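Read-outs throughout are calculated quantities, based only on the coordinates presented, and are distinct from any laboratory measurement. Everything numeric here is computed off the predicted structure, so don't read it as measured data. A quick note on method: Cβ atoms are made from the backbone with ideal geometry, for glycine too, and the neighbour counts reach across all protein chains shown.
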Amino acid sequence: MAAFLFPDAAEPIMVILAVALEFVFFLVVAFLALLFFVAEPARLAFGVASVATASVTLMLYLDKHGHKDAALWLCGLVVLAVVPLALVALWRAVIGDDTADRLMQATAGGGALASAGWLAVRVGLGGLFGGGGASR
């Protein structure tokens, strides 16, 4: 709303808003991923989110001032740092806290994850395993 009220200062306001949203995103992803490994992940997640946000801010600065190659390298480093945390958070969201129990259920053929995987195989592979696939 401030960008519409003050059109002359719209660009800095939008950059600040984008950086704040990136920080919150990095903080949530890092906290959820580190919760699985660390008893008190708040400080570490805050540090990870701060470093990632500072790197993205530096990347935006370098990109704006014509250093595209350095900005791309920095973007790649941020992605390499954050994607594993996001995959761990996604794994925890799908599997849950009882990873050993869920893996045993999936191996035995039971549980929601194994059922969803079997349905995806039957429906998604064009009927190779008895499902209709894309031909329906």
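The table that follows gives values for the structure above.
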item: Karplus-derived HN-Hα couplings along region 68-74 (A = 6.51, B = -1.76, C = 1.60, θ = phi - 60°), whole Hz, x at Gly and Pro; result: 5, 5, 5, 5, 5, 5, 5
item: Under Karplus coefficients 6.51, -1.76 and 1.60, residue-wise ³J(HN,Hα) of region 52-60 in Hz, glycine/proline x; result: 5, 5, 4, 5, 5, 5, 5, 4, 5
item: Value of relative contact order over region 7-56, rounded to a whole percent, pairs C-alpha under 8 Å and six or more apart; result: 41 percent
item: Karplus (6.51, -1.76, 1.60) ³J(HN,Hα), θ = phi - 60°, over region 22-28, in Hz, Gly and Pro reported as x; result: 5, 4, 5, 4, 4, 5, 5
item: Loop-located chymotrypsin sites (Phe, Trp or Tyr not before Pro) in region 1-57 whose Cβ has at most 12 other Cβ within 10 Å (DSSP); result: Phe37
